[in-house]
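The values are calculated or read from the model by the stated rules, or taken from the named source; none is laboratory data. Note that the structure is a prediction, hence the values are computed from the model and not measured. Here the Cβ positions follow ideal geometry from the backbone for every residue, glycine too, while neighbour counts run over all protein chains shown. The accessibility values were calculated without ligands, DNA or RNA, using every heavy atom of the protein model including side chains. Shrake-Rupley method; radii C 1.70, N 1.55, O 1.52, S 1.80 Å.
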Amino acid sequence: MAKKSMIQREIKRKKLALQYYDKRKNIRNSIKLSTNFETNIELQQKLQKIPRNSLSCRKRNRCWMTGRSRGFYRNFGLSRHVLREMAHSCLLPGIKKSSW
């Protein structure tokens with residue numbers, strides 16, 4: 001089980017990403033359209049003042065049962081440990097244990 005603080009941090013990052021998405025997008029578009037060097041620098045400084053945790057690439061995928069961030073299967077939203085346990089107990093339809 002992941003620490004509660006890590007899970008809360010991920011929730012905070014999701015909220016920040018949604019909150020600052022439009023602002024970040026507008027500043028980036030204005031940087032692309034600007035031709036003056038001074039205004040470009042001012043816009044870059046505005047972009048740097050936005051919190052880093054508001055970036056969408058900072059989010060981590062976590063297992064919805066355990067909160068584990070590593071060994072994550074996107075199709076199921078589970079970590080590899082939970083996926084294996086659920087597959088063995090026939091809780092995931094269409095998943096079979098391979099043998100060869």
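To the nearest whole percent, what portion of all C-alpha pairs in region 1-68 is separated by more than 20 angstrom?
42
Can you tell me the length gained on complete extension of the stretch residue 34 to residue 14, counting 0.36 nm per residue apart and subtracting the Cα distance? Intermediate values should be presented prior to the final figure.
Values: separation 20, 0.36 × 20 = 7.20 nm, distance 2.99 nm.
Value of the extension gain: 4.2 nm.
With a 1.4 Å probe and all protein chains left in place, how much of the accessible area of the chain comes from carbon and sulfur atoms, in whole percent?
Details: 4400 of 8480 Å².
That fraction is 52 percent.
Going by accessible area, probe 1.4 Å, with all protein chains left in place, what is the ranking of 38, 10, largest first?
Working: 38 110, 10 15 Å².
Sorted by accessible area, descending: 38, 10.
Given R₀ = 22 Å, what would the calculated FRET efficiency be for residue 90 paired with residue 61, taking r from the Cβ atoms and rounding to 0.05? Don't skip to the end; give the middle numbers.
On the way: r = 25 Å, r/R0 = 1.14.
Computed FRET efficiency for residue 90 and residue 61 comes out at 0.30.
Can you find, among 40, 1, 75, the residue sitting farthest towards the positive end of the charge dipole of the chain, where Lys and Arg contribute +1 and Asp and Glu -1 at Cβ?
1
Suppose accessible area is computed on protein heavy atoms with a 1.4 Å probe; arrange 99, 34 from highest to lowest. Walk me through the numbers on the way to the answer.
Values: 99 105, 34 30 Å².
The ordering from most to least exposed comes out as 99, 34.
Would you mind checking the pairs 12/97; 32/59; 14/96; 14/46; 4/32 and listing those with alpha carbons more than 31 angstrom apart? Don't skip to the end; give the middle numbers.
Values: 12/97 37 Å; 32/59 26 Å; 14/96 34 Å; 14/46 21 Å; 4/32 40 Å.
Pairs exceeding 31 Å: 12/97; 14/96; 4/32.
Helix 4-33 against the longest principal axis of the chain: what's the angle in degrees, Cα atoms only, rounded to the nearest 10?
Long axis of 4-33 versus the principal axis of the chain: about 40 degrees.
Taking the solvent-accessible surface of protein heavy atoms with a 1.4 Å probe, what is the per residue accessible area of the chain in Å²? Can you show the working numbers first?
Details: 8480 Å² over 100 residues.
Ligands and nucleic acids excluded, the figure is 85 Å² per residue.
In whole Hz and in residue order, list the ³J(HN,Hα) couplings for region 57-65 that follow from phi through the Karplus curve 6.51 cos²θ - 1.76 cosθ + 1.60, θ = phi - 60°; x for Gly and Pro.
So the Karplus estimates, Gly and Pro as x, are 6, 7, 6, 10, 7, 10, 5, 6, 8 Hz.
For the chain, give the magnitude of the charge dipole about the Cα centre (Cβ charges: +1 Lys/Arg, -1 Asp/Glu; no others), in debye to the nearest 20. Intermediate results must be reported in sequence, preceding the final value.
Details: 26 positive and 5 negative charges, 68 e Å.
It comes to approximately 320 debye.
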